Amino acid sequence: MDVIKKNQEFQQIFEKGHSIQGKFLVVYFLRNQYQINRYGICVGKKLGTAVRRNYIKRLLRESLRTLTFPNHQMNLDILLVAKKQILSASLNSIIEEIQHILLKVVFLKLKNKGELEDSQ
């Protein structure tokens, strides 16, 4: 699992990417030029102290690590943005939500095959 770290790449995904809202997360995605999927995690300061934000990041990284990801090479940059409701969520519910949202992304990719390529 490759990680998105550069601020410029985060901004590009926010500005040009598509988004899907969930109960605990907003997931932004944008096609990249690499042959792999890359992930970024964003937890705002409104969610609490640094200890709490780091805990949320660890939960999200662990959920991505244990995720049974669809067997599609999508070449996407995927950005997970935590919402305030994530503070009361369990690891299993976060995993289920990410899985559900990523299946929506796969469905959108198959449904609108050319649209994701045109967004760059």
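Residue count for segment 1-35 under the criterion of being under 12 Å from the mean Cα position of the chain (by Cα), in a loop (DSSP other than H, G, I, E, B) and within 10 Å of Asp77 (Cα to Cα): the result is 2.
Among the residues of segment 23-33, those that are buried (at least 19 other Cβ atoms within 10 Å of the Cβ) and in contact with a helix residue (DSSP H, G or I) (Cβ under 7 Å, 6 or more places away or on another chain) comprise Phe24, Leu25, Val27, Tyr28, Phe29, Leu30, Arg31.
Flag: Lys109 matches the condition of being at pLDDT below 85 and surrounded by 14 or more Cβ atoms within 10 Å (Cβ to Cβ). For Ile36, the stated conditions do not hold, so it cannot be described as surrounded by 15 or more Cβ atoms within 10 Å (Cβ to Cβ), modelled with pLDDT under 95 and among the β-branched types (Val, Ile, Thr).
The values are calculated or read from the model by the stated rules, or taken from the named source; none is laboratory data. Predicted model, so just to flag it, every value in this text is computed and none were measured. Cβ atoms come from the backbone with ideal geometry, glycine included; neighbour counts cover every protein chain shown.
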